[in-house]
Structures are given as C-alpha cells and as structure tokens.
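Undergrad: Below you will find the structure I want to go over with you.
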Amino acid sequence: MRPDSSSSPALVWVAVFDDIVSHMKTTVEISDPLMREARAAAVREGRTLRSLLEEGLREVLAGRRRKGRFRLRDGSFKGKGLQPGVDLSNWEEIRTLIYEGRGG
C-alpha cells in the first residue's frame, strides 16, 4: 500500500479513445496488489502501464464479443417421454423404472 493512504486503492488515469475526441482521461480504482503486479509486468515487458491496461481491456472486450450468446446443446433422445402415472416427486419409483430390466 502507499504510505499516504492506508487502505484506498491506486488511482490510474486511463486514456479512452472515442469517435468524437481523440482520447479522454478517466479515473479507475485498482487494488494495490493488482497495480503492483501490472506495474511489474509493464516494466518486465518494457512498455507503459497505459499500453498494458489498454491491451488487457481490449482483450477482455474482444473475448466477450467472440463468445456470443450461450446455446445449450440439444440433449434430447428418442423415447416415450414422461409416462402417465409416474410420481415425479418419488425418486425411488423413478430410479426403479429407469433401471427396470437392466440389472439395477
């Protein structure tokens, strides 16, 4: 942590590019441990903290665009579906019917 603030996170000015203006500054609160790690990574890679943060943000946003909407695969199978007279709240009865004639 920084000596001037015992528990507040680091504040970073981040340039945000927009179609209307070439860039803008905004304040982002980042935890001290994450900020230390980011600064160390930037030094190791010989780049600015700003470029590291921009790359990370671009990567996260691109990943979210690639994922798209979740689609559950069709796990249905051929069969007769729910059978009349089966008590769906009785697991023992359901299990017995499932394994009937299969050695269960």
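Undergrad: Provide a single number: the residues in region 31-44 that are exposed (fewer than 11 other Cβ atoms within 10 Å of the Cβ) and touching a Leu at 6+ places or on another chain (Cβ under 8 Å).
TA: Count: 0.
Undergrad: Residues being at pLDDT below 60 and either of a type in the set (Lys, Arg) or under 26 Å from the mean Cα position of the chain (by Cα) (or both): count how many of those fall in region 1-12.
TA: The number of residues fulfilling the criteria is 1.
Undergrad: Of the conditions (1) of a type in the set (D, E, K, R); (2) out of contact with any strand residue (DSSP E or B) (no Cβ under 9 Å at 6 or more places or on another chain); (3) modelled with pLDDT of 85 or more, Arg69 satisfies every one except a single condition; which number is it?
TA: Condition not satisfied by Arg69: (3).
Undergrad: Give the residue, chosen from Leu72, Leu82, Leu49, Leu88, that is surrounded by 10 or more Cβ atoms within 10 Å (Cβ to Cβ) and not polar (S, T, N, Q).
TA: Leu49
Undergrad: Here is a follow-up. For region 13-46, which residues satisfy the criterion of being modelled with pLDDT of 85 or more, under 24 Å from the mean Cα position of the chain (by Cα) and either aromatic (Phe, Trp, Tyr) or under 17 Å from Leu57 (Cβ atoms) (or both)?
TA: Thr27, Val28, Glu29, Ile30, Ser31, Leu34, Met35, Glu37, Ala38, Arg39, Ala41, Ala42
Undergrad: In addition: Which residue is farthest from Leu97 (Cα to Cα), if the candidates are limited to region 52-83 and must be assigned to a loop (DSSP other than H, G, I, E, B) and within 21 Å of the chain's Cα centre (by Cα)?
TA: Gly68
Undergrad: Same structure again: Any idea which of (1) in a loop (DSSP other than H, G, I, E, B); (2) under 25 Å from the mean Cα position of the chain (by Cα) is the one Gly103 doesn't satisfy?
TA: (2)
Undergrad: Could you pull out the residue among Leu49, Leu88 that is more than 20 Å from the chain's Cα centre (by Cα) and touching a residue at least 12 places away in the same chain (Cβ under 8 Å)? Outline the logic, then answer.
TA: Numbers: Leu88 fails: touching a residue at least 12 places away in the same chain (Cβ under 8 Å).
Exactly one of Leu49, Leu88 is more than 20 Å from the chain's Cα centre (by Cα) and touching a residue at least 12 places away in the same chain (Cβ under 8 Å), namely Leu49.
The values are calculated or read from the model by the stated rules, or taken from the named source; none is laboratory data. Just so it is clear, the structure is predicted and the values come from calculations on it, not from any experiment. So basically every Cβ, Gly included, is an ideal-geometry build from the backbone, and we count neighbours across all protein chains shown.
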